[in-house]
Amino acid sequence: MKTFLCLVRRELVLTLRQGGGAGMALGFFLTVLVLLPLGIGPDLKLLQRLAPGALWITLLLSVLLSTDRIFGPDYEDGSLELMTMGPMPLELVVVGKAFAHWLGTGLPLAVLAPGLGVLLNLDSALFLPLLAAMVLGSLSLSLLASLGAAVTVGIRKGGMIVSLLILPLYVPILIFGVAATSAVIGVPELMGPSMLILAAISLVSLVVAPVAAAAALRSHMT
Amino acid sequence: MKTFLCLVRRELVLTLRQGGGAGMALGFFLTVLVLLPLGIGPDLKLLQRLAPGALWITLLLSVLLSTDRIFGPDYEDGSLELMTMGPMPLELVVVGKAFAHWLGTGLPLAVLAPGLGVLLNLDSALFLPLLAAMVLGSLSLSLLASLGAAVTVGIRKGGMIVSLLILPLYVPILIFGVAATSAVIGVPELMGPSMLILAAISLVSLVVAPVAAAAALRSHMT
Amino acid sequence: MKLIAKDLECQRGGRHVFGGMSFEVPAGSGLLLKGPNGSGKTSLLRMIAGLGDIAAGTLELDGLDDELTIGQRAHYVAHQNALKTAMSVEENLTFWARFMGVACSSVDVREHLARFDLERLAGYSAALLSAGQRRRLALSRLELVPRPVWLLDEPSVGLDAASVELLAAAMRRHTEGGGILLASTHTDLALGFNDTLDLSTFAGRAA
Amino acid sequence: MKLIAKDLECQRGGRHVFGGMSFEVPAGSGLLLKGPNGSGKTSLLRMIAGLGDIAAGTLELDGLDDELTIGQRAHYVAHQNALKTAMSVEENLTFWARFMGVACSSVDVREHLARFDLERLAGYSAALLSAGQRRRLALSRLELVPRPVWLLDEPSVGLDAASVELLAAAMRRHTEGGGILLASTHTDLALGFNDTLDLSTFAGRAA
Amino acid sequence: MQKYANPTRFNAIAGAVLPWCAGLTVLLFAVGLYLGLVEAPQDYQQGETVRIMFVHVPAAWMAMATYTVMALASAVAIIWRHPLADVAAKTAAPIGACFTFLALVTGSLWGKPMWGTWWVWDARLTSVFVLFLLYLGYIAIWQAIEEPTRAARIAAIVALVGFVNIPIIKFSVDWWNSLHQPASVLKVGGPAIHSSILIPLLIMAVAYTMLFLTLHLVAMRTEIMKRRIHNMERAEVAG
Ligand code: HEM
Ligand SMILES: Nc1ncnc2c1ncn2[C@@H]1O[C@H](COP(=O)(O)OP(=O)(O)OP(=O)(O)O)[C@@H](O)[C@H]1O
Ligand SMILES: Nc1ncnc2c1ncn2[C@@H]1O[C@H](COP(=O)(O)OP(=O)(O)OP(=O)(O)O)[C@@H](O)[C@H]1O
Ligand SMILES: [Mg+2]
Ligand SMILES: [Mg+2]
């Protein structure tokens, strides 16, 4: 357990110092928020309608685009080899890294989302659902991201392949995430089930992703 | 000149083999394309209206997010040092890399955009303007990207800083790009001027970006 | 405890590197791997560390009851130093020690940095280190985390004469303490022993 | 042609590394840089290559009229090999040759690969190379692109005995051909000359 | 080489079976298409366009079936490390991608008259599109990794994880109220369409299956050959 925490701490320190993590996420988020009105014109009604979807898509993209930082650097400088050897089971290493990735990317975005939603004049009734759904959803996003990262670590065309691979897994999260978010103004009774499904997806990926990712990493190392 | 071409060739070979470039761009494009309808709902009318803006934003993002690949790898494996030493003026090296980045990222996206626009059932009258505007715009995008990359190469928090640095420079391109694209269905007489402005921006950045970037690189090396 | 290799065969990228290799390294002794570039020194060390497929043959750490893998009992110092330039010298070492399951105080860490004459730099970012200093930082892991098997790939690369001496001393301490040591090298380190294995003799041999 | 350094001072990351260093290297001769880790060998070579700030003092390549910088006349082989694993061995070498302004045929390239015994691997991806093979690939650039000044930072690292001999031969050819050579090293290379500069003697000296 | 003992036997068997598969495929397609495009009555609301079904539906089924085959082969490859298994998985992918593409194209051709648009982002269409991407990703993995053993393992993992998409496709119509037809053939309580359409549809389905079998056998044989040649080259470079 101590080892696990020390791994998570190290990952966080690295992302923060290297300006991945919260800073990066925020930067990306702001970028999209600035571009969106410019791109589709400053029609407030429209923006309001798009807000939840836009926020969710931004979340997905920023997670998707930070995947290569999960294992890439450690693969290049030889840290990953030591980690595969070390006493800590590789599955746990993956969980640790995914968790750190979530703390560094998904969580801050989820927390910031409602605040930034204001800029897209997001309906304030959606703040809480949005927050809850994103916190829940982003966890599985990070776990699946670590899977994709593990599969493509150190191989050519990694960048493209990873998006092709994880996308299918992200689709349901996005669907239920948006459903859960805009249920309040849409179909309120969808709220509960969607949240549950999001939670279920997180659980499943918590079980599957680390095992698969560890297997992939091992076959990359050998 | 031969040297220049050989540099461009090498850059292209690398992006292609490492799945940056066209592949990456396409993957990213498809991703956004799938996420968009899922996020904001499959309302065709709405999609049609958003299509130009969405495509432009995607273009900007994928350029923005591939910046670190312009100088990053060469900085890490020591190639950049040799390039600063080599007989070829560093400014020219920057132009070469920016050009290759454009060929590998901006251009393919611009060419693919109309085709993929179909899936967002983009008004077919916009195909040509979109193509033209994107080809013009993406050139300056790549040049400015190389400037941002040069300023932040090898420094911590590079990722975030770069987006904050270039974003302001991108805003005008986006505005005029979208204007030029949707002029046909909007205000036709805006078409010409917007295109001209896009061209002007490209020219200016062609002059300024390489010089500034080269200066930045030199000070990073020493 | 004894490291036993029987009829090992190694392939990299589908290409045969060496075959029919057998050797034994009993506790308290070391083996130097020699051989031209590309003869498979790194590959062999990686196989032992569990980082490479064993195409044929067997490899076992004899006379130990629990079911830890060799890798979990071994230190592997590769060409890369596994350092993070965004962290300080001390942070780097501390992390690896903790990760490898040693709850070490800042005192221990500095003491082991001192063994490779790095305590002066403990606070600096690893980005400021020179090539040799980085290598020494990677090496200072060895004694801070006690592990019976040391797998060192050209450990002396980039080290100045004094540091090579420090390294040799550490290696001697390890073998005298009953550890097993395998090190690949092109230059000769002044060690207590000199059993060497020349990998070029196994090239092109089938298992 | 003559490389002249007067009262050089070097600072890295705000810290003083060495000062008051003066030396001359006339055409056709070489200088070996020795000194403990962190004494500034790499820093000095980088300064000469134009990759490092000169805190104080002067550095010039004497007796040449055109206004090329020293860097443009020099080869710099650093700790990193500047190789792309996504390209084949031959592609890597060819690119650098072309980039450095030499229009070389595939024949020349292979001939120079052969000088470091790499022609057999020409077609393979550089990712498949062993540490020493990578180093040799980086070194094969030296003679393919004729440049009067060679700045080599621990060039023999990772090379087997035979390759060290090939390297030494190349270095001798260069000096005998009237070139200037500076090489940092911890091990001794069997070269025709042994003028050495011990950087530790300049540590802590102000200009 | 003993590693290739089984593939050798496989090659022999495949060689013997292939002609029959090919012949059967042609025959079934002839019959199926005749019944489907000529004999079968035109739909009272869909008119002639209903005939696209005989191309579309089996293609869609095969798109999913092929991925299932791929996943199963991958499972075998991971558990038993059988060289033939990852050959099977690898070669199935391109074929599956083609079926998926066919389903997409015929589907959208059908969509134009039925829904008035080539494409809608409803659950099933999207999930099939995603399936297509998944095939591409899987193929890309094989191309991206030179080392065959490493590529095999990674690809297998990808195939297995990606399998979650299949149930999503199958049940998407029921989960999200979709524009698309719900299952009317493959559903509990027996098919719910008239036999004059059902029979040619089923014949076409069998025909597609045989087509897959034929193509797959051919692809597997060539793949095995390629690997042998590859290994010989490698061997002589090393030696
Ligand atoms: C690009 C668009 C389309 C795609 C990707 C698509 C995909 C599929 C898939 C995957 C199946 C297999 C379903 C299963 O076995 O459970 C299927 C079956 C079917 N599709 Fe489509 N389809 C498309 C368009 C259409 C259109 C426009 C129609 C006609 C209105 C249509 C009618 C059917 C029918 C009748 C079935 C058989 C359902 C059953 O009996 O199980 N499809 N399609
Ligand atoms: N990642 C790899 N993939 C495929 N083949 C490789 C890989 N790395 C090395 N090889 C090949 O395996 C063989 C052995 O490489 P290895 O690195 O073990 O040699 P080595 O003895 O360590 O050489 P050196 O003294 O240069 O370090 C070489 O022929 C090399 O070409
Ligand atoms: N990038 C850097 N930024 C700041 N200081 C640095 C940097 N690199 C090295 N230094 C410091 O400069 C001094 C000289 O480093 P240098 O790499 O020149 O030594 P060296 O003689 O090459 O050592 P080695 O034999 O280990 O290669 C060292 O004290 C080191 O800490
Ligand atoms: Mg080695
Ligand atoms: Mg040095």
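What follows is calculated from the coordinates using simple rules that are stated; it is not laboratory data. All values derive from a computational prediction rather than experimental measurement. Neighbour counts run over all protein chains shown; Cβ positions are idealised from the backbone, glycine included.
Need the C-alpha centroid separation for region D:18-93 versus region E:102-151, integer Å. Going from one Cα centre to the other spans 54 Å. Prolate is the label for chain E. Its Cα gyration tensor axes, ordered a ≥ b ≥ c, give a/c of at least 1.5 and a/b above b/c. Per-residue Cβ neighbour counts within 10 Å put C:Thr175, B:Thr181, D:Thr196, E:Thr91 in the sequence D:Thr196, C:Thr175, E:Thr91, B:Thr181, beginning with the fewest. The alpha carbon centroids of region A:68-135 and region A:1-20 are separated by 12 Å.
Along the axis of the charge dipole computed for chain C (Cβ charges of +1 for Lys and Arg, -1 for Asp and Glu, origin at the Cα centre), the listed residues C:Gly63, C:Leu151, C:Leu3 are led at the positive end by C:Leu151. For chain D, the relative contact order comes to 33 percent (Cα pairs under 8 Å, sequence separation of at least 6).
Just the Kirkwood number for region D:118-202, please: inverse of mean 1/r across all distinct Cα pairs, in Å, one decimal.
By the Kirkwood definition, the hydrodynamic radius is 14.0 Å.
Rounded if a/c is under 1.5, else prolate if a/b is larger than b/c, else oblate: which is region D:59-191, with a ≥ b ≥ c the root eigenvalues of its Cα gyration tensor? Oblate is the answer for region D:59-191, as a/c is 1.5 or above yet b/c matches or exceeds a/b. Rounded to the nearest Å, what's the spacing between the alpha carbon centres of region A:145-173 and region C:126-158? Just the number, please. Distance between centres, Cα-based: 34 Å. For chain B, what's the relative contact order in percent, using C-alpha pairs closer than 8 Å and at least 6 residues apart? The normalised contact order for chain B reaches 26 percent. For the peptide C:14-20, the mean number of other protein chain Cβ atoms found within 10 angstrom of a residue's Cβ is 4. By the count of other C-beta atoms within 10 Å, a proxy for reagent exposure, B:Phe127, A:Phe99, B:Phe28 are ordered fewest to most as B:Phe127, A:Phe99, B:Phe28.
If only the Cβ of Lys and Arg carry +1 and only the Cβ of Asp and Glu carry -1, the dipole of the protein assembly as shown around its Cα centre is close to 1180 debye. Remark: spin-label model distance D:Ile4-E:Ile79 equals 8.1 nm, labels positioned 7 Å along the Cα→Cβ axis. Taking Cα atoms only, the orientation of helix B:90-101 departs from the longest principal axis of chain B by about 30 degrees. Apply 1/(1 + (r/R0)^6) to the Cβ-Cβ distance of D:Asp108 and E:Asn6, taking R0 = 41 Å, and write down the FRET efficiency to the nearest 0.05. According to the calculation, E is roughly 0.30.
For D:Leu31, the residues 5 or more places off, or on other chains, whose built amide H falls under 5 Å of its own are D:Leu181, D:Leu182, D:Ala183. With each label modelled as a point 7 angstrom along the Cα→C-beta vector, the E:Met225-E:Ser196 pair spans 4.8 nm. Sequentially through region A:103-117, phi angles give Karplus couplings (6.51, -1.76, 1.60; θ = phi - 60°) of 4, x, 10, x, 4, x, 4, 4, 5, 6, 3, x, x, 6, x Hz, Gly and Pro residues having no value and appearing as x. Multiplying the residue separation of C:Tyr124 and C:Asp62 by 0.36 nm and removing their Cα-Cα distance gives an extension gain of 18.1 nm.
Computed from label points 7 Å out along Cα-Cβ, the spacing between C:Thr69 and D:Ala169 is 4.3 nm.
Helices in chain E that qualify as membrane-span-like (whole DSSP H runs, Cα extent of at least 15 Å along the helix axis, mean Kyte-Doolittle hydropathy of -1.0 or higher) are E:5-34, E:53-80, E:83-115, E:123-144, E:148-162, E:195-238. Out of every Cα-Cα pair that the protein assembly as shown contains, those further apart than 55 angstrom amount to 21 percent. Counting every other Cβ atom within 10 Å of each residue's Cβ, D:Lys34, E:Lys90, C:Lys84, E:Lys226 order from fewest to most as E:Lys226, D:Lys34, C:Lys84, E:Lys90. In chain B, the DSSP-assigned H stretches of four residues or longer account for a calculated mean residue ellipticity at 222 nm of -27500 deg cm²/dmol, using -39500 (n - 2.57) per stretch and the full residue count as denominator. Each distinct pair of alpha carbons in region B:11-152 adds a 1/r term; the inverse of their mean, the Kirkwood radius, is 15.9 Å. Dipole magnitude for chain D: about 500 debye, using +1 per Lys or Arg Cβ and -1 per Asp or Glu Cβ, origin at the Cα centre. Take each peptide in B:73-83, E:71-81, D:12-22, count the other Cβ atoms within 10 Å of every residue, and average; sorted highest first, the result is B:73-83, E:71-81, D:12-22. Compared with the dominant principal axis of the Cα atoms in chain D, helix D:89-99 is inclined by about 50°. Ranking C:Thr94, C:Met21, C:Gln72 by how far each Cα lies toward the positive end of the dipole of region C:1-130 (charges on Cβ) leaves C:Met21 at the top.
Two decimals, Cα atoms only, Kirkwood Rh: what is Rg/Rh over region E:41-146? Present the calculation step by step, with values, prior to reporting the outcome.
On the way: Rg = 16.6 Å, Rh = 15.1 Å.
Result for region E:41-146 is an Rg/Rh of 1.10.
Computed over the Cα atoms of region B:72-222, pair by distinct pair, the Kirkwood hydrodynamic radius stands at 16.5 angstrom.
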